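Report on the structure given below.
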There are 4 protein chains.
Amino acid sequence: MAAKLKSAVLGATGYAGFELTRILLRHPALQKPLLMKRETGSSGQDLAEAFPALSGNGGYPLEPFSIEKLKQSGVDLLFLATPHDLSRSLVPEIVRSGIRVIDLSGAWRLRTESHRAVYGFEDYDSKVAHEVMDQAVYGLPELHDADIAGAPIIANPGCYATSVILALAPLVRADLVDRSRGIISDSKSGVSGAGKDATPRTHFVSVADNLSAYGVFKHRHLGEMLEQLGLAPEELIFTPHLLPIPRGILSTIYVHLSHTMTAAEIESCYRKFFANRRWVRVFSPPRLPEIQYSLHSNFCDIGFCLADDGRRLVIVSCIDNLLKGAAGQAVQNMNVMYGWNEAEGLQ
Amino acid sequence: MAAKLKSAVLGATGYAGFELTRILLRHPALQKPLLMKRETGSSGQDLAEAFPALSGNGGYPLEPFSIEKLKQSGVDLLFLATPHDLSRSLVPEIVRSGIRVIDLSGAWRLRTESHRAVYGFEDYDSKVAHEVMDQAVYGLPELHDADIAGAPIIANPGCYATSVILALAPLVRADLVDRSRGIISDSKSGVSGAGKDATPRTHFVSVADNLSAYGVFKHRHLGEMLEQLGLAPEELIFTPHLLPIPRGILSTIYVHLSHTMTAAEIESCYRKFFANRRWVRVFSPPRLPEIQYSLHSNFCDIGFCLADDGRRLVIVSCIDNLLKGAAGQAVQNMNVMYGWNEAEGLQ
Amino acid sequence: MAAKLKSAVLGATGYAGFELTRILLRHPALQKPLLMKRETGSSGQDLAEAFPALSGNGGYPLEPFSIEKLKQSGVDLLFLATPHDLSRSLVPEIVRSGIRVIDLSGAWRLRTESHRAVYGFEDYDSKVAHEVMDQAVYGLPELHDADIAGAPIIANPGCYATSVILALAPLVRADLVDRSRGIISDSKSGVSGAGKDATPRTHFVSVADNLSAYGVFKHRHLGEMLEQLGLAPEELIFTPHLLPIPRGILSTIYVHLSHTMTAAEIESCYRKFFANRRWVRVFSPPRLPEIQYSLHSNFCDIGFCLADDGRRLVIVSCIDNLLKGAAGQAVQNMNVMYGWNEAEGLQ
Amino acid sequence: MAAKLKSAVLGATGYAGFELTRILLRHPALQKPLLMKRETGSSGQDLAEAFPALSGNGGYPLEPFSIEKLKQSGVDLLFLATPHDLSRSLVPEIVRSGIRVIDLSGAWRLRTESHRAVYGFEDYDSKVAHEVMDQAVYGLPELHDADIAGAPIIANPGCYATSVILALAPLVRADLVDRSRGIISDSKSGVSGAGKDATPRTHFVSVADNLSAYGVFKHRHLGEMLEQLGLAPEELIFTPHLLPIPRGILSTIYVHLSHTMTAAEIESCYRKFFANRRWVRVFSPPRLPEIQYSLHSNFCDIGFCLADDGRRLVIVSCIDNLLKGAAGQAVQNMNVMYGWNEAEGLQ
């Protein structure tokens, strides 16, 4: 194998950044990644302080972030597991310096101004932002691997968006869905999806023995789903819920087919679409995915149940929000960018 | 107050039967209830053996069930927290003997033969069964209190059915829903809804850190929803899910309104429908119910979110499946049957 | 019954304060309690905003706290569910004004200076503080009911302390324990014991699927245990652990008996000590308490297992930390203070 | 590398057997393992039916077990993840046939007749059983790696025993513990430790929001601890508890030191004992292990807290009961048996 790639991670102390770091540390095509933090002194000096699960494996020093440091260290690829705003401000200069970026935030996912409004980026129509946006590719390898291979910047998809887009793309692209009837995704996520900040909403007592819906009609991931599936806003309802579990997403998706189909035809549509894709598993009816099945893996599991009328279809899709919904997908994108096996480092 | 009522419970060792017994024990209009079990020797001799939470409050002896014993003890009202088949075989003779019955099972809830088929009752077209069925009233007080008052037998609703029917009845009865677009209830329940039997599906390790859909298009509670709401089978999709919590149900319900409405009009519709009903709470937008809010209470909480188009509506409904979804509702039905305050014993 | 008592609660928006308020609202000897908050504007204007479980039962307005307001409203008894420091600063003036106080904080529990040091009260040797301390009674009714009856101020015990003291007092007071061998309490608590503040430690993802020990040898409740049991510091090790559940405490306590005993003798010792005490349940071997049994009740459950040698004894004690460990015990203290049935309002 | 080893697993459908199979499948020194089941037709035909997490990775056929089949397939090493009794009856013939065995059950762990009595093996004093027992080595590599290397049969330790023995061995072997004062291990385990059988005790509703002690003074793992640590029965109390989590063990262990020590001396004792041991992590005070830190890893984490008197010591030890407590340790034993890196396949 050729010389190993030099990668860096900014934001390793968050949930997704930590999962990412663990994968990069054992990825056979990489040198030991450079771990960076935003400010001197914050979050301790070593990643094992934030995540004692790393204890005893040797040091994981966190170095203050600077683009100078990236260059000096010969970094080829930078992973950003940072807030949207920070990604928005850092990426232009990084990309100009020739370092490729995989950004786990929502900073560069959306092309439609109205969808992007939900993020409130102050710069959203600046010339610089437009230039970056023109080079960014939405990093869902099952849809865009050709573009990902050559992209200078990858906008890694949202966790909910991944679970919904993969479940719908095969049917929508084949024009099998009656959009006029409306599509619904009732999605449920574990708490790590809400991030590591301690808030009243993430307090154990608020979450345990509970379930709640939130962000109805206005969650930030809705725009990604619409853009990637080519849907109009009124054609998709997305309702996220907060589950009393640490991780995992299950989306229950309701569509009306545009004509009567058999379960075998639907299964065949999925299997053809995902032929040779390592990280999507299509379940044969009547088996449906459960969150546990894909936990701690990079799989997106998809199953379905068709009504007797051959028109009403319930699709169930599961991912681990921190892996296929974030860190695992980022590594999968890296594998595609550098022409490696899509599964490298992820098994 | 007049002489206190004599009640009996068959099936107090199940989850719903136990909750019911706890309420009956403190209900001010009742004598100490007679607790009965099906077979001599089974389930121990005292309810506190099955539920040590009752320890130290004095004895709760379980006596072998017989209709003779009911008569000798002067029982006025029998609660059945028993399997469907047993209710089906016991109720005809009990009702003939003049004892009123509140049956928590699904034995007498369904009038439509095709809906009832899912239970596979062997007797379902027998003359005796028809006679009982003619006297049975579906025990949802918010819809049927006039009929409940005089009924010899109450078919206590299913837990999922309660959460869905109460959330939809105000809109459906006012003809505000475009049924041709289809209604969807994506419902999630805690594990006590699956009963006390130890099965691979109720094993802690199977449920914890998980979420799963089941019974898509064919759950037994679907028939109740259709009958009570006057819907055709193709007009409602109901998808239950198993949550990693002991108790509580949240239903997320999707409807298209038949004409454009405001949130205020929808709230008003709900408030009028449930005016003076003690056990339904209507939430004003943007607040939505969560499972914790109604836990350990007899409330059904209902909230909603209306899309900007004034047509697409997401309703969220929560209950405690063992209370408003079973034991609490049974007591509420008793209160209506005997003309007592609907909240008696339930606060 | 005589004229109803007027009570007030400062701190109703915390976990213990909320449980307390719920009990006071249904207590038959009380007027509707006055709910107070520390600062204008904080925590909303109504308790139902902080705890939507209260929705729909009518208003629970929170009024700004002042001693003037207490007097104007004719408050007889004030419950403090406040931080230790605030209790420390407020109580002297309140007590001088003739209003009785039940303080759920740790402000007045400890008589020994060295034990109190852990709280770091700045005023701890002030004359005013000494005067209050002289009037304060440690509010464990099973030990001190005679003193509680007439006390102007009750120091409501800590949750861990309650579970440990009740389990040990019968044996220690009868001099049945070989103190030279050391006593150990390995205690485990649900997260509500850590309070409602959102911290990294109470984040759902930190607690779920986890268990951790903390505060070994130096938890603040250790002093209460030593004082109430009359033990020297080296005679008791107390190790608290954080359980992935919302509420409940289980203490596993290890003692060496000072002479060989039978299980029957030990059970008899417990039963005599707690004869006629409504809120302690002694379990007969081999049955041991579990957290679920006393959840949502004011019981302290105590069971034990004696080794074949008749000397080594393992005691298991369970309480609901928010009830017998806080709010329920506060109400029990009130019942004793006013000569009411110890169980009033708590069933 | 030399020709790859041929392994087989009997009992892959249990929790530990499944974890074991997952590790063996990716172990670089092994051929694909032969997966076997006890009876034709039971547990399905493929492991992915019992554990859908394996779906889509190709087939994992389960073949009926027979010693003939083991020989025909050229199996070098058989893992038994079977009930104790079955291991007891199968192992003699397997060992005679020259196939090495790693037995995850308790069948061959105990040399002391009185300790073994708890298992009730019918054959326990048979000549055949004695012959096997003479060849069996207790498979705790940190204590016995020299013997493990050449052993025909490895008795893989119990999960609780692993967590307790590793935490105590360094101190006990250095004679630093005052045994006359008694040692206590208060241990807490996730539910997978109770096995996959659906019982009232493993029902989700029984475990969630609960904690319970069980098997006080008489758990089967106590004998292993006594034998391996060279303790008399009265010198160790072991109290297991059932935690509301799927996996993980935390043991809180209390000892009196035989003379006054400093924390630095204790840490040094641990570090020397475990020098060069890949799978034990010693934590420096004041940091203590938590269950999450070692979850999904083969680590045993050990930390401690010393009282000011330098004599009373609280040790906290954590493992993943399915890995270091079962499957991971079995693989570690295999690595030692064949002279491979102790960490092979386990990272």
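Within the bounds of the range B:300-319, is there any residue that is crowded, with 23+ Cβ neighbours inside 10 Å and in a loop (DSSP other than H, G, I, E, B)?
No: the range B:300-319 contains no residue that is crowded, with 23+ Cβ neighbours inside 10 Å and in a loop (DSSP other than H, G, I, E, B).
Only one of these is in contact (Cβ under 8 Å) with a residue 24 or more places away in the chain, touching a Lys or Arg at 6+ places or on another chain (Cβ under 8 Å) and over 23 Å from residue A:45 (Cβ atoms): A:118, A:91. Name it.
On inspection, the qualifying residue turns out to be A:118.
Does residue A:175 fit the bill of being buried (at least 22 other Cβ atoms within 10 Å of the Cβ) and either within 19 Å of residue A:162 (Cβ to Cβ) or more than 9 Å from every other protein chain (Cβ to nearest Cβ) (or both)?
When the stated conditions are applied, residue A:175 does not pass them.
I'm trying to understand the selection: among the residues of the range B:150-167, which are surrounded by fewer than 24 Cβ atoms within 10 Å (Cβ to Cβ) and either assigned by TED's automatic domain parsing to the domain that holds residue B:265 or part of a helix (DSSP H, G or I) (or both)?
Selection gives B:150 alone.
Can you tell me how many residues within the range B:157-203 are under 30 Å from residue D:14 (Cβ atoms), out of contact with any Leu (no Cβ under 9 Å at 6 or more places or on another chain) and among the hydrophobic types (A, V, I, L, M, F, W, C)?
Qualifying residue count for the region: 1.
Residues to consider are A:325, A:345, A:339; find the one that is small (Gly, Ala, Ser), over 27 Å from residue B:235 (Cα atoms), outside any helix (DSSP H, G or I) and in contact with a Cys (Cβ under 6 Å, 6 or more places away or on another chain).
Checking each option against the conditions leaves just A:325.
For the range C:178-192, enumerate the residues that are within 7 Å of another protein chain (Cβ to nearest Cβ) and over 20 Å from residue C:314 (Cβ atoms).
C:191, C:192
Looking at A:215, A:195, A:223, A:230, which is the one that is at pLDDT below 95 and more than 9 Å from every other protein chain (Cβ to nearest Cβ)?
Checking each option against the conditions leaves just A:195.
Is the range D:199-211 home to any residue that is more than 24 Å from residue D:293 (Cα to Cα), part of a strand (DSSP E or B), more than 7 Å from chain C (Cβ to nearest Cβ) and not acidic (Asp, Glu)?
yes
So residue D:187 ticks every box in (1) under 21 Å from residue D:324 (Cβ atoms); (2) part of a helix (DSSP H, G or I); (3) of a type in the set (S, T, N, Q) but one. Which box is left unticked?
(2)
Taking the condition of being basic (Lys, Arg) and either more than 14 Å from chain C (Cβ to nearest Cβ) or free of Cβ contacts under 8 Å to residues at least 60 places away in the same chain (or both), how many residues in the range B:245-280 meet it?
Of the residues in the range B:245-280, 2 are basic (Lys, Arg) and either more than 14 Å from chain C (Cβ to nearest Cβ) or free of Cβ contacts under 8 Å to residues at least 60 places away in the same chain (or both).
Do the conditions hold for residue A:317, that is, is it on the phi < 0 side of the Ramachandran plot, of a type outside the set (A, V, I, L, M, F, W, C) and within 13 Å of chain D (Cβ to nearest Cβ)?
no
Name the residues in the range A:124-149 that are in contact (Cβ under 8 Å) with a residue 24 or more places away in the chain and assigned to a helix (DSSP H, G or I), would you?
A:128, A:129, A:131, A:132, A:133, A:135, A:141, A:142, A:143, A:145, A:148, A:149
Taking the residues in the range C:281-294 that are of a type in the set (A, V, I, L, M, F, W, C) and either out of contact with any Leu (no Cβ under 6 Å at 6 or more places or on another chain) or more than 10 Å from every other protein chain (Cβ to nearest Cβ) (or both) as candidates, determine which candidate is farthest from residue C:343 (Cα to Cα).
C:288
Looking at residue A:219, is it within 20 Å of residue B:311 (Cα to Cα), out of contact with any Cys (no Cβ under 6 Å at 6 or more places or on another chain) and touching a residue at least 12 places away in the same chain (Cβ under 8 Å)?
Criteria met by residue A:219.
Considering only the range B:131-138, I want to know if a residue exists there that is touching a Leu at 6+ places or on another chain (Cβ under 8 Å) and not charged (D, E, K, R).
No, that holds for no residue.
For the range D:168-177, give me the residue count where each residue is in a helix (DSSP H, G or I) and over 26 Å from residue D:191 (Cβ atoms).
The qualifying residues number 5.
Tell me which of these residue C:208 doesn't satisfy, since it passes every other one: (1) surrounded by 24 or more Cβ atoms within 10 Å (Cβ to Cβ); (2) closer than 20 Å to residue C:181 by Cβ.
Result: residue C:208 fails condition (2) only.
Could you please find all residues in the range C:295-314 being away from chain D (no Cβ under 14 Å) and touching a strand residue (DSSP E or B) at 6+ places or on another chain (Cβ under 6 Å)?
Selection gives C:299, C:300.
Would you call residue B:136 of a type in the set (A, V, I, L, M), more than 20 Å from residue B:277 (Cα to Cα) and within 17 Å of the chain's Cα centre (by Cα)?
yes
The values are calculated or read from the model by the stated rules, or taken from the named source; none is laboratory data. All values derive from a computational prediction rather than experimental measurement. Note that each Cβ is placed from the backbone with ideal geometry, even for glycine, and that neighbours are counted across all protein chains shown.
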